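Read the structure below first, then the notes.
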Amino acid sequence: MAYKVVLDAGHGGYDNGATYGDRIEKNDNLNLTLAVGEILEANGVDVIYTRVDDVYVSPLRRAEIANAEGADLFVSIHRNSGAVPNTYNGVQTLIYDEGGLKQIAAENINGELETVGFTNIGVEIRNNLAVLRRTQMPSLLTEVGFINSDVDNAIFVERFPDVANAIASGILDTINNNET
C-alpha cells in the first residue's frame with residue numbers, strides 16, 4: 001500500500017496570505033506545493049491536494065479533506081512574514097504538540113531546507129491552527145522563509161527546484177524511516 005500524503009497550499013482565492021512587493025503568499029504556496037507533489041508522486045507517494053488552483057478552501061475543510069482521504073501525513077505549505085520587512089529570515093515548522101511522526105517530519109524538512117541556504121528557526125508548538133488541531137493524522141505547517149525577507153526570497157526564487165526537493169526529501173526521509 002502506498003503512503004498517502006495530503007499537501008495543502010496555504011491561503012488561496014480571496015485570501016492572499018502575506019504580500020511583499022509583487023510577491024503574494026498564496027501563489028508561492030501553490031507553486032511550491034505542486035512542485036513538491038510532483039516529486040513525491042514520482043517517488044511512489046499517493047498525493048492528495050487540498051487545492052490545485054487559486055480558490056479559497058477553509059482551514060476546517062482542508063482538515064476534512066485529509067481526514068476523508070485517510071492520509072498518513074498532512075503537510076501545509078506557507079511563507080512566513082514579519083511586522084518589519086527584512087528583519088527576520090528562515091524556515092520554521094509548526095506542529096500541534098511535541099513528539100511523534102509530525103515532529104520527525106518537521107525536523108527533517110527544516111534540516112533539508114537549511115541545506116538549501118535557509119536559516120533553520122526550528123519547530124514550534126502551535127495548537128490554535130485548525131489544520132493542525134482538526135486533522136486525524138500527523139500534521140505540520142511549514143513556513144518556507146519570510147516573504148518579506150529579500151534574503152529568503154532570493155533563495156526561494158533562485159533555488160526553487162532545490163527548495164521543492166528539500167521539502168520532498170524531508171517527507172520521503174520520514175516515510176522511509178518510519179513506515180506505518
| Subset of the range 51-90 (residues that are farther than 20 Å from Ile24 by Cβ, touching a residue at least 60 places away in the same chain (Cβ under 8 Å) and of a type in the set (Lys, Arg)) | none
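When the residues of the range 47-71 are filtered to those that are among the polar types (S, T, N, Q) and under 17 Å from the mean Cα position of the chain (by Cα), which remaining residue is nearest to Ser139 (Cα to Cα)?
Of the range 47-71, the ones among the polar types (S, T, N, Q) are 50, 58, 67.
Those left that are additionally under 17 Å from the mean Cα position of the chain (by Cα): 50, 58.
Working: Thr50: 14, Ser58: 16 Å.
It comes out as Thr50.
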| query | Name the pairs: first residue in the range 11-27 and acidic (Asp, Glu), second residue crowded, with 16+ Cβ neighbours inside 10 Å, Cβ to Cβ under 6 Å, at least 6 apart or on different chains? | reply | Glu25/His11; Glu25/Gly17; Glu25/Ala18; Glu25/Arg79; Glu25/Ile147
| note | Residue pairs qualifying under the 8 Å Cβ cut-off, at least six apart or on distinct chains, with the first in the range 108-119 being more than 17 Å from Ile175 (Cα to Cα) and the second being at pLDDT 95 or above and charged (D, E, K, R), are Val116/Arg159; Val116/Asp162; Gly117/Arg159; Phe118/Asp152
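Could you check the range 67-179 for helices (runs of 4 or more DSSP H) lying wholly inside it with 2 or more residues that are touching a Cys at 6+ places or on another chain (Cβ under 7 Å)? Show your work before the answer.
Values: elements: 100-116, 130-133, 150-158, 160-177.
Qualifying helices (runs of 4 or more DSSP H): none found.
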| remark: Considering the range 121-169, residues that are polar (S, T, N, Q) and closer than 17 Å to Leu7 by Cα, and then whichever is surrounded by the fewest Cβ atoms within 10 Å (Cβ to Cβ), we arrive at Gln136
| field | Lone qualifier among Gly21, Gly13 - being open to solvent by less than 30 Å² (accessible area, probe 1.4 Å) and more than 17 Å from the chain's Cα centre (by Cα) | value | Gly13
| Condition test on Ile104, is it touching a Ser or Thr at 6+ places or on another chain (Cβ under 8 Å), within 22 Å of Gly37 (Cβ to Cβ) and open to solvent by 50 Å² or more (accessible area, probe 1.4 Å)? | yes
| task | State the number of residues belonging to the range 46-79 that are buried (at least 22 other Cβ atoms within 10 Å of the Cβ) and more than 18 Å from Ile175 (Cβ to Cβ). | result | 6
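Being open to solvent by less than 50 Å² (accessible area, probe 1.4 Å), more than 12 Å from the chain's Cα centre (by Cα) and within 24 Å of Asp173 (Cβ to Cβ) is true for just one of Leu32, Leu7, Leu40. Which residue is that?
Numbers: Leu32 fails: more than 12 Å from the chain's Cα centre (by Cα); Leu7 fails: more than 12 Å from the chain's Cα centre (by Cα).
Answer to the selection: Leu40.
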| said: If I go through the range 10-46 residue by residue, how many of them are touching a strand residue (DSSP E or B) at 6+ places or on another chain (Cβ under 8 Å), among the β-branched types (Val, Ile, Thr) and within 17 Å of Thr142 (Cα to Cα)? | reply: 2
| request: Note down all Cβ pairs under 7 Å where the first residue falls in the range 166-180 and is at pLDDT 95 or above, the second is of a type outside the set (A, V, I, L, M, F, W, C) and open to solvent by less than 10 Å² (accessible area, probe 1.4 Å), and they're at least six residues apart or on different chains. | output: Ile167/Thr142
| said: Pairs needed: first member in the range 28-50, more than 11 Å from Ile77 (Cα to Cα) and outside any loop (DSSP other than H, G, I, E, B); second member anywhere, open to solvent by 10 Å² or more (accessible area, probe 1.4 Å) and among the basic types (Lys, Arg); C-beta distance under 6 Å; at least 6 residues apart or different chains. | reply: Asp46/Lys4
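The values are calculated or read from the model by the stated rules, or taken from the named source; none is laboratory data. Computed from a predicted structure; not experimentally measured. Neighbour counts run over all protein chains shown; Cβ positions are idealised from the backbone, glycine included. In case anyone asks, the SASA skips ligands and DNA or RNA and just uses the protein heavy atoms, side chains included. Shrake-Rupley method; radii C 1.70, N 1.55, O 1.52, S 1.80 Å.
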